[in-house]
Amino acid sequence: MTASRLALLPLPLLAASCGPAAGSAPAALAPAWVAIPAAPLEAPARAAGAPAVDPSAPLILPIAAAPPATWVEPPLGEKERARAARDPFREHSEIALGERVAIFAAKGGGADPAGGAFAVDEKLGVVGPLKLPARFTWVGVAGPQVDALYAATPEGVLHRAAGVRGALRPDGFEPRGSVPGATTWDAAGTLIAAAAGERVSVSADEGRSFTSAVVAPGKPVRAVFVRPDGVLAAVVQAPARGQQPAAPDSFLSLDRGKTWKRSAFQPRSIERAGSWIWNGDASCPAVLSRDGQAWTRAAAGLYARPTLGIALHLSPAIRAIEAGSFRSAVAPPAPEPPPRGGAAVGREPPCKSDGGGVVGGLGLMGVLGASCGGALCLLESATPLPQPTRTRIATFGDGICEPTSARPPGSACAAHVTRPPTFAVVDHIASTVTPVAAPEGCPQPVALHNAAGVGVLICRGGSGSATLFVRGAQGPWHAEGSQATPAEALKWIAAAPDGTLLLLQSAPPAGALQREPLQALVRSPLPLGAPQAWRRITAPDGVAALPAPGGAALLASSPAASAGKRLDVTLDRFGQPALPLARNVEVDQDLTRMEIRDGQVWFRVRPNPAPDVKGMPGPLPPEPRDPRWHVLTHGGELVLETSSGPTPPTEGRPLDPAGR
């Protein structure tokens, strides 16, 4: 590529003030943050006898090396990066469910990637990790007004915590009664049940005392289930007959476990899901109906409600759901009894399978709109994602929004929340997740971004403007003011190695008839909570923006009249006039990304397709158009990388604070 050359003299350097200036206040009274002083406006003249700048040499950004901000975290290594990509809750499953609370713990009792068991409370959100009793074998939730937490130990001792907040304290669980030899437990409504041998013991006074009864003489109880309305079911194991093990039998109780009667229907297996006692087969269900005696095949509604478990998974997206739409211990209720003659009876035969199942189809989506060309393709390129660090700020999906008939039940509704979601500090090295509340002054969070070890939360102000909060791995949220930018418009974040951040506003499509100026917010690498840390920049005809060390921003623009065939590159510096680096760079191929590597400015270029060959019977198959990296030179040219040239950029390679 050729270009009209712009010779650049040696440029002034940006510097960060690292201490008080002479004559300033004593250290004890010094402010908690320092500004980046403006450099001289005029570039110094080249010293006599100094060599001239080689126009063909790669352009080096005129930025001085400075220590990074104290909150900056280095990028993770390759092994740690794979750990950071895992969901710390992917091994967790629901182990207890109440009217408004669900408890989740890692499967198998092995190493817990989230650091312990967690609760999801519909009113409070995510709470944890819980301090469960040592060596607990069972956890349950019961209580008609307040969901109390219960835990049992191998010795059959029952412990109780008044609620999820009490379960956060090491002494939150207090010993209650006991059922020596208990091998299985369940709790719902006002009842707690435990099975030991051929007996089932039931408590109706929060576990202080138990009354017991034999279910089936000579047959040990293998499982017991308690429905919130007081109906109980027990599975007993009959003695084996020769080499063949006997099929288990199911018994039911309608008087809180005082008497038991063998069920007229014997499902192959039994489990409890909320208020359902059923066979657990969604394709061929058999559910104990509301009367506690008849089993029905006409079951619907259990999976129509989302489980509270969806709130536990971490995401950078702000998520909320309508209050009262979760599956709980009482919703949906047990189904109505079947019509006369319609009850399932006898041993459950194998269910017939139609082999259909649920099949989902993937459609192909085309990208509509005009194709880009030249420098305008930078408008449609993806901003380089910040590299993962040891800690990140994430959000749970436990926000609550107002009920409305305009949305289907269980659908997301994060635009207007009545309770913001809970946030979390995730430590990928220590494998811990620490829930934290949303900051005060942010009733409507819109987006969360992570870069360089801090989370940037964008909230919607009263006029729709963006209110910014930042938080690191330690300490509280810090309010950093409002910007006259729509909160929903800030879509991307990028970071320089020293902690300079750039929030990029969503760009107009490359084929738009009238392009709006490119806008971004730039944060200087100051301490968290520093006043005026953010500034707004506007680039008419802008096509790309990147943060540069020292609180600067690298801007690329393409004059509207050039239709993407010309490119200007400018350094927007803190407190100084914009510094042109290259003007009228000729662009005859598509630019798909701009990056700063080794202090140089690189562009990824997509080659033009080969021209059609005349005389051929049909169009030629498209040739591969692998993008190649080009470096911007002092003379304003884009030069293709070569084996003997500069080291090409590597995706995700860490740089030092000077961008080298």
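What to note about this one:
- Checking each residue in the stretch 478-496 for being surrounded by fewer than 23 Cβ atoms within 10 Å (Cβ to Cβ), at pLDDT 90 or above and more than 16 Å from residue 538 (Cβ to Cβ) picks out 478, 479, 480, 481, 482, 492.
- Residue identified as at pLDDT below 80, within 28 Å of residue 454 (Cβ to Cβ) and surrounded by fewer than 14 Cβ atoms within 10 Å (Cβ to Cβ) among 32, 82: 32
Yes/no per residue for (1) within 23 Å of residue 587 (Cβ to Cβ); (2) polar (S, T, N, Q):
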| residue | (1), (2) |
| --- | --- |
| 498 | no, no |
| 516 | yes, no |
| 519 | yes, yes |
| 522 | no, no |
| 528 | no, no |
| 539 | yes, no |
| 543 | yes, no |
| 554 | yes, no |
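- A single member of 570, 538 is in a strand (DSSP E or B) and over 30 Å from residue 471 (Cα atoms), and it is 570.
- The stretch 84-120, subset assigned to a loop (DSSP other than H, G, I, E, B) and among the aliphatic types (A, V, I, L, M), residue farthest from residue 187 (Cα to Cα): 85
- Verdict on residue 222 being modelled with pLDDT of 95 or more, basic (Lys, Arg) and outside any loop (DSSP other than H, G, I, E, B): yes
- Checked against (1) part of a strand (DSSP E or B); (2) out of contact with any strand residue (DSSP E or B) (no Cβ under 7 Å at 6 or more places or on another chain), residue 123 passes all but a single condition, namely (1).
- Test: residue in the stretch 235-248 that is surrounded by 20 or more Cβ atoms within 10 Å (Cβ to Cβ), in contact with an Asp or Glu (Cβ under 7 Å, 6 or more places away or on another chain) and touching a residue at least 24 places away in the same chain (Cβ under 8 Å): yes
- Taking the criterion of being closer than 14 Å to residue 500 by Cα, out of contact with any His (no Cβ under 6 Å at 6 or more places or on another chain) and outside any strand (DSSP E or B), the residues of the stretch 524-535 that qualify are 524, 525, 526, 527, 530, 532, 533.
- Taken together, 456, 425, 446 contain a single residue that is touching a His at 6+ places or on another chain (Cβ under 8 Å), hydrophobic (A, V, I, L, M, F, W, C) and in contact (Cβ under 8 Å) with a residue 24 or more places away in the chain, which is 456.
The values are calculated or read from the model by the stated rules, or taken from the named source; none is laboratory data. In this text, all values refer to a predicted model and were calculated from it rather than measured experimentally. Backbone-built Cβ (ideal geometry, glycine too); neighbour counts: all protein chains shown.
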